[in-house]
Amino acid sequence: MAMTRALAPKRFTKGQFLVNAGEVNGDLFYIYQGLVRFVYNTEDGREFNKSFAAENGFIGCLRSMLTQQPCRFAIQALEPTQTLALTSLARESLWQNYPEWERLGRLLAERLALKKEEREAQFLLDSVEQRYQQFLTDSPSLSERIAQYHIASYLGITDVALSRIRKRLNTINLG
(Lines give C-alpha, C1' and ligand atoms only; values in the text may rest on other atoms or scores of the structure.)
Protein backbone atom coordinates (compact mmCIF):
# COMPACT_ATOMS: atom_id res chain seq x y z
CA MET A 1 0.00 0.00 0.00
CA ALA A 2 1.48 3.34 -1.05
CA MET A 3 1.73 5.90 1.73
CA THR A 4 0.09 8.54 -0.43
CA ARG A 5 -3.02 6.34 -0.59
CA ALA A 6 -2.92 5.46 3.13
CA LEU A 7 -2.73 9.02 4.47
CA ALA A 8 -5.52 11.45 3.64
CA PRO A 9 -5.19 15.16 4.46
CA LYS A 10 -8.11 16.38 6.55
CA ARG A 11 -8.78 19.95 7.65
CA PHE A 12 -10.99 20.99 10.54
CA THR A 13 -12.25 24.45 11.39
CA LYS A 14 -12.19 25.82 14.92
CA GLY A 15 -14.97 24.12 16.87
CA GLN A 16 -15.35 21.23 14.42
CA PHE A 17 -15.21 17.67 15.74
CA LEU A 18 -12.65 15.22 14.43
CA VAL A 19 -14.37 12.44 16.38
CA ASN A 20 -17.84 12.59 17.93
CA ALA A 21 -18.71 10.85 21.17
CA GLY A 22 -20.93 7.86 20.51
CA GLU A 23 -19.53 7.07 17.08
CA VAL A 24 -17.15 4.34 16.02
CA ASN A 25 -14.09 6.02 14.55
CA GLY A 26 -10.90 4.00 14.21
CA ASP A 27 -8.94 6.66 12.34
CA LEU A 28 -5.52 7.67 13.57
CA PHE A 29 -4.74 11.35 12.98
CA TYR A 30 -1.37 13.06 12.83
CA ILE A 31 -1.66 16.79 13.60
CA TYR A 32 0.71 18.89 11.55
CA GLN A 33 -0.97 22.19 12.36
CA GLY A 34 -3.48 23.14 15.00
CA LEU A 35 -4.76 22.19 18.42
CA VAL A 36 -7.47 19.83 19.67
CA ARG A 37 -9.05 18.84 22.94
CA PHE A 38 -10.40 15.50 24.10
CA VAL A 39 -13.67 16.12 25.94
CA TYR A 40 -16.24 14.08 27.82
CA ASN A 41 -19.81 15.43 27.95
CA THR A 42 -22.22 14.31 30.65
CA GLU A 43 -25.94 13.86 30.12
CA ASP A 44 -26.59 17.03 32.12
CA GLY A 45 -24.40 19.08 29.77
CA ARG A 46 -21.17 19.35 31.76
CA GLU A 47 -17.85 19.07 29.97
CA PHE A 48 -14.61 17.55 31.21
CA ASN A 49 -11.42 18.03 29.23
CA LYS A 50 -9.23 14.97 29.45
CA SER A 51 -6.34 16.03 27.25
CA PHE A 52 -5.02 18.35 24.56
CA ALA A 53 -2.87 17.67 21.51
CA ALA A 54 -1.10 19.95 19.08
CA GLU A 55 1.44 19.81 16.27
CA ASN A 56 3.35 16.53 15.89
CA GLY A 57 0.79 14.65 17.96
CA PHE A 58 -0.93 11.42 17.02
CA ILE A 59 -4.55 11.25 18.15
CA GLY A 60 -7.57 9.03 17.93
CA CYS A 61 -9.92 6.93 20.01
CA LEU A 62 -8.09 3.79 21.09
CA ARG A 63 -11.37 2.14 22.13
CA SER A 64 -12.76 2.47 18.60
CA MET A 65 -9.45 1.48 17.00
CA LEU A 66 -9.12 -1.75 18.96
CA THR A 67 -12.70 -2.87 19.62
CA GLN A 68 -14.88 -1.12 17.04
CA GLN A 69 -16.89 0.24 19.99
CA PRO A 70 -18.22 3.81 20.04
CA CYS A 71 -15.86 6.43 21.39
CA ARG A 72 -17.00 7.81 24.75
CA PHE A 73 -15.32 11.18 24.28
CA ALA A 74 -15.13 13.71 21.47
CA ILE A 75 -12.10 15.28 19.83
CA GLN A 76 -12.69 18.93 18.94
CA ALA A 77 -10.49 21.43 17.13
CA LEU A 78 -9.68 24.45 19.29
CA GLU A 79 -7.95 26.11 16.34
CA PRO A 80 -8.06 25.50 12.61
CA THR A 81 -6.39 22.09 12.46
CA GLN A 82 -4.72 20.21 9.62
CA THR A 83 -4.14 16.49 9.91
CA LEU A 84 -3.14 13.42 8.01
CA ALA A 85 -5.69 10.68 8.65
CA LEU A 86 -4.93 6.99 8.54
CA THR A 87 -8.13 4.95 8.32
CA SER A 88 -8.47 1.84 10.45
CA LEU A 89 -8.33 -0.38 7.35
CA ALA A 90 -5.16 1.30 6.07
CA ARG A 91 -3.60 1.23 9.57
CA GLU A 92 -4.24 -2.50 9.96
CA SER A 93 -2.78 -3.17 6.52
CA LEU A 94 0.34 -1.15 7.30
CA TRP A 95 0.77 -2.82 10.71
CA GLN A 96 0.43 -6.28 9.19
CA ASN A 97 2.76 -5.68 6.26
CA TYR A 98 5.40 -3.30 7.62
CA PRO A 99 7.11 -4.03 10.96
CA GLU A 100 8.20 -0.40 11.33
CA TRP A 101 4.54 0.70 11.27
CA GLU A 102 3.60 -1.93 13.83
CA ARG A 103 6.50 -0.68 15.97
CA LEU A 104 5.18 2.88 15.64
CA GLY A 105 1.78 1.67 16.86
CA ARG A 106 3.39 -0.03 19.87
CA LEU A 107 5.43 3.06 20.72
CA LEU A 108 2.33 5.27 20.50
CA ALA A 109 0.42 2.88 22.78
CA GLU A 110 3.31 2.86 25.27
CA ARG A 111 3.48 6.65 25.27
CA LEU A 112 -0.29 6.85 25.85
CA ALA A 113 -0.09 4.35 28.74
CA LEU A 114 2.68 6.37 30.41
CA LYS A 115 0.75 9.61 29.95
CA LYS A 116 -2.39 8.06 31.48
CA GLU A 117 -0.43 6.64 34.41
CA GLU A 118 1.14 10.03 35.13
CA ARG A 119 -2.22 11.82 34.88
CA GLU A 120 -3.79 9.33 37.31
CA ALA A 121 -0.93 9.83 39.77
CA GLN A 122 -1.29 13.62 39.51
CA PHE A 123 -4.99 13.45 40.39
CA LEU A 124 -4.37 11.10 43.30
CA LEU A 125 -1.17 12.56 44.73
CA ASP A 126 -0.65 16.17 43.66
CA SER A 127 -2.36 19.38 44.70
CA VAL A 128 -4.19 21.45 42.09
CA GLU A 129 -1.34 23.97 42.16
CA GLN A 130 1.17 21.20 41.48
CA ARG A 131 -0.97 19.89 38.60
CA TYR A 132 -1.22 23.40 37.13
CA GLN A 133 2.52 23.99 37.43
CA GLN A 134 3.18 20.60 35.83
CA PHE A 135 0.83 21.51 32.96
CA LEU A 136 2.78 24.75 32.45
CA THR A 137 6.08 22.85 32.55
CA ASP A 138 4.92 20.11 30.17
CA SER A 139 3.05 22.40 27.76
CA PRO A 140 4.35 25.98 28.04
CA SER A 141 3.24 27.00 24.55
CA LEU A 142 -0.20 25.44 24.94
CA SER A 143 -1.08 27.50 28.00
CA GLU A 144 -1.20 30.59 25.77
CA ARG A 145 -3.31 28.84 23.11
CA ILE A 146 -5.95 27.24 25.33
CA ALA A 147 -8.76 29.16 27.02
CA GLN A 148 -8.44 29.25 30.81
CA TYR A 149 -11.80 27.54 31.34
CA HIS A 150 -10.55 24.59 29.25
CA ILE A 151 -7.38 24.38 31.34
CA ALA A 152 -9.46 24.57 34.53
CA SER A 153 -11.65 21.70 33.31
CA TYR A 154 -8.52 19.67 32.50
CA LEU A 155 -7.27 20.28 36.06
CA GLY A 156 -10.64 19.32 37.54
CA ILE A 157 -11.48 22.76 38.94
CA THR A 158 -13.54 25.81 38.05
CA ASP A 159 -12.12 28.72 36.08
CA VAL A 160 -12.59 30.90 39.20
CA ALA A 161 -10.40 28.51 41.24
CA LEU A 162 -7.78 28.54 38.47
CA SER A 163 -7.81 32.34 38.47
CA ARG A 164 -7.09 32.32 42.22
CA ILE A 165 -4.24 29.84 41.78
CA ARG A 166 -2.73 31.92 38.98
CA LYS A 167 -2.99 35.09 41.09
CA ARG A 168 -1.37 33.35 44.08
CA LEU A 169 1.46 31.94 41.93
CA ASN A 170 2.06 35.34 40.29
CA THR A 171 2.24 36.95 43.77
CA ILE A 172 4.77 34.33 44.91
CA ASN A 173 6.86 34.72 41.73
CA LEU A 174 6.88 38.52 42.03
CA GLY A 175 7.59 38.48 45.78
Relative contact order, percent, of the chain when contacts are C-alpha pairs under 8 Å separated by at least 6 residues? 25 percent
Can you tell which of Gln148, Gln133, Gln96 shows the greatest fluctuation in a Gaussian network model of the chain with Cα springs below 10 Å? Gln96
Where Lys and Arg each count +1 and Asp and Glu each count -1, what net charge lies around Ala161 among other residues with Cβ under 12 Å from its Cβ? +3
Under 24 Å between alpha carbons: how many lysine pairs meet that in segment 1-153, if sequence neighbours fewer than 8 apart on the same chain are excluded? 4
On the protein heavy atoms, probe 1.4 angstrom, tell me the percent of accessible surface of the chain carried by carbon and sulfur. 53 percent
Please compute the net charge surrounding Lys116, taking Lys and Arg as +1 and Asp and Glu as -1 over other residues with Cβ under 12 Å from its Cβ. 0
Rounded accessible area per residue of the chain, 1.4 Å, Å²: 61 Å²
What FRET efficiency comes out for Thr67 versus Arg168 if R0 is 41 angstrom and r is the Cβ-Cβ distance? Round to the nearest 0.05. 0.40
C-alpha center-to-center spacing [segment 19-73, segment 78-94] in angstrom: 12 Å
Out of (i) -0.53, -1.26; (ii) -0.36, -1.14; (iii) -0.30, -1.10, which label holds the value of log10 I(q)/I(0) by the Debye sum over Cα atoms at q = 0.09, 0.17 Å⁻¹ that was computed here? (ii)
In the Gaussian network model of the chain, springs joining C-alpha atoms below 10 Å, which of Ser51, Ser153, Ser163 carries the largest mean-square fluctuation? Ser163
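The values are calculated or read from the model by the stated rules, or taken from the named source; none is laboratory data. Model, not experiment: these values are computed from the prediction. Backbone-built Cβ (ideal geometry, glycine too); neighbour counts: all protein chains shown. Please note that ligands, DNA and RNA were not included when accessible areas were found on the heavy atoms of the full protein model with its side chains. Shrake-Rupley method; radii C 1.70, N 1.55, O 1.52, S 1.80 Å.
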